[in-house]
Amino acid sequence: MADVLKVSGLNKRFGGIVVADNIDLALAKGRVLGLIGPNGAGKTSFFNLVCGVVKPDSGSITLVGQEINGLPIRERARMGLARTWQNLRLFSSLSVLDNLMLGPRAYSADNLLDVVFRPGHVADSERESRERAFAVLERTGLAGIAHQPIRDITFGQQKLVGVARALMNDAQCLLLDEPMAGVEGQAYALIQKVVRDIAASGVAICVVEHNVAFIRDLCDEGVFMFAGKVLARGTVETLIADPQLTELYFGT
Ligand SMILES: Nc1ncnc2c1ncn2[C@@H]1O[C@H](COP(=O)(O)OP(=O)(O)O)[C@@H](O)[C@H]1O
Ligand SMILES: [Mg+2]
């Protein structure tokens, strides 16, 4: 199966804390990989390293065969790397639609000179961004609330907006950081369905989540991370049944 994201020998430490200890990990097209491990294991740091928020000390990160380590965040996003954030980072007074249009790669005309000298180009670009946003809202079941401000929708819907915004740049690889934290009720099934649909369209997905039932139901496979190390990879069932891993998960 084709690897969309491939990380090799990734290392990072913050002073005495090792957040990535020689990580080798690959995400395959159309598959959902669950990333589990106790708080502080380095899961969010792994996402930060991959998307360029944090610089690794060493290692290689390739996206569809191209080395992206060293590229700016925006460039990685343009190449099809998308993520959501543990804390949502949405604009609460703006509509669902506007939040998407302000996401990564919102306007190609982000140059002020274009606004002055190529107003037609800016209008086209805005129209294109709006169409793209509506397509993503359809795909994530949010089209009906496109014009509602973020603060007026449920927390589960806000989480979905986070996922939708990440999809604005034609993601090939999607990293979801705790998509279920704080979510209950019908949003649970909806988020699960949306993630599955996105994978079915060929996107490689990695999900960090403490909700083990969600991970077990959703993921094709899981990896267990502890102290910056990938300790095991296998079915989520095997990982959560492993007494040594359970001890590490709950013992800290
Ligand atoms: N920018 C940073 N500077 C210093 N320490 C950090 C930074 N980011 C994360 N850490 C530390 O690295 C460890 C791993 O954090 P994190 O990746 O957020 O873990 P997880 O998401 O698995 O809970 C924690 O001890 C955290 O405090
Ligand atoms: Mg985290």
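Tally the residues that are assigned to a loop (DSSP other than H, G, I, E, B) and acidic (D, E), restricting the search to region 1-48. The total comes to 0.
Scanning region 43-53 for residues that are open to solvent by 10 Å² or more (accessible area, probe 1.4 Å) and within 10 Å of ligand 2 (Cβ to nearest atom) gives K43, T44, S45, N48.
Of everything in region 1-48 that is charged (D, E, K, R) and touching a helix residue (DSSP H, G or I) at 6+ places or on another chain (Cβ under 8 Å), the residue that is farthest from ligand 1 (Cβ to nearest atom) is R31.
Restricting region 54-95 to residues that are in a loop (DSSP other than H, G, I, E, B) and β-branched (V, I, T), which is surrounded by the most Cβ atoms within 10 Å (Cβ to Cβ)? Once the filter is applied, the top-ranked residue is T84. Pairs linking a residue in region 52-70 that is in contact (Cβ under 8 Å) with a residue 24 or more places away in the chain to a residue that is open to solvent by 50 Å² or more (accessible area, probe 1.4 Å) and among the hydrophobic types (A, V, I, L, M, F, W, C), with Cβ atoms under 7 Å and 6 or more positions apart or on different chains, are G52/L71; G52/I73.
Candidates in region 13-28 are the residues that are touching a residue at least 24 places away in the same chain (Cβ under 8 Å) and under 20 Å from the mean Cα position of the chain (by Cα); of these, the one that is farthest from ligand 2 (Cβ to nearest atom) is A28.
The values are calculated or read from the model by the stated rules, or taken from the named source; none is laboratory data. This structure is a prediction, so every number in the text was calculated from the model and none was measured. Cβ: placed from backbone, ideal geometry, glycine included. Neighbour counts: every protein chain shown. Protein only, heavy atoms only, side chains kept; ligands, DNA and RNA dropped before computing areas. Shrake-Rupley method; radii C 1.70, N 1.55, O 1.52, S 1.80 Å.
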